[in-house]
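As structure tokens, the structure follows; a few thoughts come after it.
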Ligand SMILES: Cc1cc2nc3c(=O)[nH]c(=O)nc-3n(C[C@H](O)[C@H](O)[C@H](O)COP(=O)(O)OP(=O)(O)OC[C@H]3O[C@@H](n4cnc5c(N)ncnc54)[C@H](O)[C@@H]3O)c2cc1C
């Protein structure tokens, strides 16, 4: 029986793990990988590493510590977390059953992709999924945002304050009625293309254009300096469905100490309903979740 199992090896999970090790908890980090989404970094000829806030030094430091401590990690996907009296059972894909007094869920989220030719090839080479992280790097540039929901609207709105030109490519026939939609409709440097399906991403070393299909079947080529796919973020929370409370988007609801509604279950990072998906936020939330779990465990140690 572990004191604590941490699910996820991204910035939130790695930070929680290092805190738990420092607190001398008998803990195990269970993850598909170490590093999580920090392995994805947008490359473009004019982007220098120092211009992006990504907390990489700290994440890499924690990652190498975990790589060294092989007793503290188990590299496998989690299928289900269940209650076992006051404790919890973590079931892994290979049929393993791990027991713990407390659990931290730090399994992040997955961006919805377009699944079109060229998307994989140019992923992070001019084609990206996080305008929140990179929008400030596009002054005087032409950018494209793909999507028609809240995430796309806020991405296009942020880019419209910086970039020379922003195209919003909306797959659907309408946009939600909101202040952001109104801003986009009235911004002189924003062009909204409704009802367009992206059918291909084209480029050389980097993505240079996308092919768009209109409802009448006509295909148009749209060139830009960068393309942001902002369709949706899906939290990796399926394995705690029915155990803890989720919000309408499937994110785990947590309080300001990263507690879920179930005593002994904590959550941190992109999988939660917390504000903004950023590495530094995930690091902070991971630290908080570990300290919060420690407070919970202290009377039981
Ligand atoms: C393309 C892109 C670029 C970005 N660039 C930046 C940037 O420059 N700066 C910045 O601050 N933020 C950036 N972000 C956002 C940032 O990456 C995230 O906010 C951050 O990684 C969230 O950390 P996390 O630990 O919550 O989740 P993640 O980093 O997503 O890690 C989740 C971990 O959980 C594991 N996992 C998932 N499901 C399971 C399961 N069932 N069983 C076991 N393990 C599981 C995964 O393998 C992974 O290790 C970017 C995001 C994207 C998509």
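Every read-out reported here was derived from the displayed coordinates using simple, explicitly stated rules and does not represent laboratory data. Model, not experiment: these values are computed from the prediction. Heads up, the Cβs are rebuilt from the backbone with ideal geometry, glycines too, and the neighbour counts pull from every protein chain shown.
Structural remarks
- With Cα atoms, 0 to 90° folded angle of helix 11-22 axis to the chain main axis: 20
- Extension reserve of the residue 276-residue 205 stretch, reckoned as 0.36 nm per residue once the Cα distance is removed: 22.5 nm
- Cα centroid separation - the range 67-139 against the range 225-301, whole Å: 12
- Angle of helix 279-297 to the longest C-alpha principal axis of the chain, folded into 0 to 90 degrees and rounded to 10: 20°.
- Highest-MSF residue in the chain out of 216, 70, 225 [GNM, Cα springs under 10 Å]: 216
- Peptides 40-52, 157-169, 121-133 ordered by packing proxy, namely the average of other Cβ atoms within 10 Å per residue, highest first: 157-169, 121-133, 40-52.
- Extending 7 Å from the Cα toward the beta-carbon at both residue 216 and residue 112 defines two label points whose distance is 2.8 nm.
- Against the chain, whose longest principal axis is taken from its Cα atoms, helix 56-68 shows a tilt of about 40°.
- Springs between Cα atoms under 10 Å define the GNM used for the chain, and in it the highest mean-square fluctuation of 244, 229, 219 occurs at 219.
- For the chain, built as a Gaussian network whose Cα springs stay under 10 Å, the top-fluctuating residue of 106, 232, 156: 232
- Burial order of peptide ranges 181-187, 9-15, 254-260, 147-153 (average beta-carbon count within 10 Å, highest first): 9-15, 147-153, 254-260, 181-187
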